[in-house]
Amino acid sequence: MKISQRLQQINSMITGHYDHIWDCCCDHGLLGMLLLKRNAARQVHFVDCVSSLMQALEVRLQRFFPADISGLNPHLNPGIDPNLSCHTQWQVHCLDVAALPLEQTSDKDKQLIIIAGVGGELLVDLVRAILAQHPLRPLEFILCPVHHNYYVRQSLSALGLGLKSELLLEENQRFYEILHVSTIVAPNGLPITATGSLMWQTLDEVSLPRAHRYLSQVIGHYQRMSVHKQTPEIIHAYQQQLAQLLSEHSEFECA
């Protein structure tokens with residue numbers, strides 16, 4: 001099955017090693033399997049609420065990752081041979097992402113939660129629910145909503161999350177923002193801004209026209225919407241971002 005650019009990009013953004021990575025709304029589990037192949041975490045969790053998908057995924061994981069057939073940590077499950085595998089463990093969870101069983105892991109474990117391919121409002125609801133249930137745990141998130149990026153960014157900032165990295169991706173004539181955020185905000189950490197920051201700082205002659213198209217598209221979208229009390233503010237914010245972009249990169253032509 002072909003792996004989308006979006007999933008490949010998320011995979012490439014995961015550069016550190018984690019104790020647990022939660023691939024949420026995982027669908028066919030393609031991203032999680034990429035992570036398993038390169039041992040990106042001690043344990044990769046596949047999470048989705050569609051039982052038929054999860055059953056099919058478990059069969060596939062048992063076929064391609066047979067050494068991890070139990071999907072469980074042998075140190076926590078004495079009935080499993082601890083010498084069975086030294087590779088990443090996996091586990092399949094058929095449940096609501098808002099109910100991730102993080103309490104079954106250690107407080108000291110380094111955890112990454114990936115939520116991609118869902119609407120912005122649902123994504124924020126899921127992140128808010130996870131943080132409410134586990135307020136003291138250090139958590140990282142990689143998030144890729146399919147729309148409502150302005151709302152998502154404002155909400156993540158209000159939840160106290162800090163920015164680690166972000167980028168803009170275009171795939172099949174659709175744009176996606178991918179954000180890597182954390183509950184641990186470094187002293188010199190960056191805030192999450194409503195229209196983006198880091199993803200505009202590394203543009204070149206090739207990527208600038210894409211950024212220009214994206215911002216113009218977003219501005220046009222909000223200009224076509226029925227007037228909401230926040231709409232003029234959003235339009236103005238993106239117009240300012242576009243003007244700044246063009247000013248800083250006046251040496252390039254934006255076709």
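The values are calculated or read from the model by the stated rules, or taken from the named source; none is laboratory data. These numbers were taken from a predicted model, which means no experiment stands behind them. Quick reminder, even Gly has a Cβ in these numbers, built from the backbone with ideal geometry, and neighbours come from all protein chains shown. For the accessible areas, the whole protein counts, side chains as well, though only heavy atoms, and no ligand, DNA or RNA atoms are used. Shrake-Rupley method; radii C 1.70, N 1.55, O 1.52, S 1.80 Å.
Remarks
- Sequence-distant aspartates and glutamates (8 or more away, or on other chains) whose Cα lies within less than 20 Å of LYS37: ASP19, ASP23, ASP27, GLU58, ASP68
- Taken one residue at a time, the phi angles of region 161-174 give Karplus couplings (6.51, -1.76, 1.60, θ = phi - 60°) of 7, x, 8, 9, 6, 7, 7, 10, 10, 10, 9, 6, 6, 10 Hz. Gly and Pro are set to x.
- Helices that extend 18 Å or more along their long axis by alpha-carbon positions and average at least -0.5 on the Kyte-Doolittle scale are, among the DSSP H runs of the chain, 51-64, 120-133, 231-248.
- Under 22 Å from the Cα of LYS108 - lysines, other chains or at least 8 residues apart: LYS164
- Listed peptides 9-18, 222-231 by packing density, highest first (mean Cβ within 10 Å): 9-18, 222-231
- Net charge contributed by nearby residues that have their C-beta within less than 12 Å of ASP96 (K/R +1, D/E -1): -2
- Full extension of the chain between ARG210 and SER165 yields a length gain of 14.3 nm, computed as 0.36 nm times the residue separation minus the alpha carbon distance.
- Label-to-label distance, nm, for residues given as SER226 and GLN133 (7 Å Cα→Cβ offset): 3.5 nm
- Linear extension gain, SER106 paired with GLN244, 0.36 nm per residue minus alpha-carbon span: 45.2 nm
- In this label model, HIS17 and SER52 are separated by 4.0 nm, measuring between points 7 Å along each Cα→Cβ vector.
- Protein-only accessible surface order, largest first, of PHE65, PHE141 at 1.4 Å: PHE65, PHE141
- Dimensionless Rg over Rh [the chain; C-alpha; Kirkwood]: 1.01
- Listed peptides 130-140, 21-31 by packing density, highest first (mean Cβ within 10 Å): 21-31, 130-140
- Heavy-atom accessible surface of ARG174, to the nearest 10 Å², is about 120 Å², with a 1.4 Å probe and all protein chains retained.
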